[in-house]
Structure formats: structure tokens, C-alpha cells
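Below is one structure, written out as C-alpha cells, with a few remarks after it.
The values are calculated or read from the model by the stated rules, or taken from the named source; none is laboratory data. Values in this document were obtained by computation on a predicted structure and should not be read as measured data. FYI the Cβ positions are ideal-geometry reconstructions off the backbone, even for glycines, and counts take in every protein chain you see. We work out accessible area using only protein heavy atoms, side chains counted, and drop any ligands, DNA or RNA first. Shrake-Rupley method; radii C 1.70, N 1.55, O 1.52, S 1.80 Å.
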Amino acid sequence: MLTSTLTTPTRLLRIEGFALLAAAILLYALYGGSWWLFAALLLAPDLTFVAYLAGPRLGAAIYNLFHHQLLPLALAAIGLLVGQPLALSIGLIWLAHIGMDHAAGYGFKYPDAFRHTHLSSKGPDRSRA
């Protein structure tokens, strides 16, 4: 059974999330991104929650795809390499979102329940209700 106690590995993963958040914000500021765009898109990856309407297995898969660092890193790198500031901005905002989630203890979802993540078990336990 998962507990909300922060074990050493969990604490390190949350610190890593905070570092990602800070680095993404710093790079965003250095590259002169629009703070209006940042505010508007920071929570956009959480729209993947809608996939849970199709069930927890698909919901977890879609959520995890959009909360993994590979896609936003690729987008930011492409934006940087081809001189597309919007792609760079979106990639950095996306990375900031992932860092924020991990720092707050929200991690990759397991397919059994929305609240069951690799970092913690968030919310009330409805499995015993």
C-alpha cells in the first residue's frame, strides 16, 4: 500500500521536479518568452485528464505521454534549432508544468487508478468505499 510519507527516493524525485521547474522558468525568461503565454499554457497538459473518460488504462497512457519530458524537450530543441520561438516557448512551458507536477508529488499514473502515481497516492482512497 502506498503512503504519503516521503521516502528518500520520492524526496529526490520531487527535488528533481522543482529543479526542472526552475530551469524551465529561467530559460523561458532568458529567451524572452511571453509571460501571458506562459500563464495561459502552464496547466494545458492537464487537459489530458479528459482521456480518463475512456477508462483508467487509456487515461493513464495519454496522461503519461503528455507528462513525460521527451516530447517537450524535442519541441524546445526543434524550436531552438530552427529558430521558432513559439515552439521553444511551448516546450519550456510544458517542461515547467511537468516539473511543477513532480515537485508537488504528482507523477506518472498507473492504469489501476487516477490517484495511484509513481510519486504518491493522491486524494481519497475510493477503492474501499
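Restricting the first residue to region 66-95 and requiring it to be closer than 25 Å to TYR52 by Cα and open to solvent by 10 Å² or more (accessible area, probe 1.4 Å), which pairs with a second residue that is in a helix (DSSP H, G or I) and of a type in the set (S, T, N, Q) meet a Cβ separation below 8 Å and a spacing of at least six or different chains?
PHE66/THR48
Which condition from (1) buried (at least 17 other Cβ atoms within 10 Å of the Cβ); (2) modelled with pLDDT under 90 is the one that PRO9 breaks?
Here PRO9 clears every test but (1).
Would you tally the residues in region 22-65 being touching a residue at least 24 places away in the same chain (Cβ under 8 Å) and of a type in the set (Val, Ile, Thr)?
Counting residues in region 22-65 that are touching a residue at least 24 places away in the same chain (Cβ under 8 Å) and of a type in the set (Val, Ile, Thr) gives 1.
Working only within region 96-112, note down all residues that are modelled with pLDDT of 95 or more and either open to solvent by less than 20 Å² (accessible area, probe 1.4 Å) or touching a Pro at 6+ places or on another chain (Cβ under 8 Å) (or both).
Those that are modelled with pLDDT of 95 or more and either open to solvent by less than 20 Å² (accessible area, probe 1.4 Å) or touching a Pro at 6+ places or on another chain (Cβ under 8 Å) (or both): ALA96, HIS97, ILE98, GLY99.
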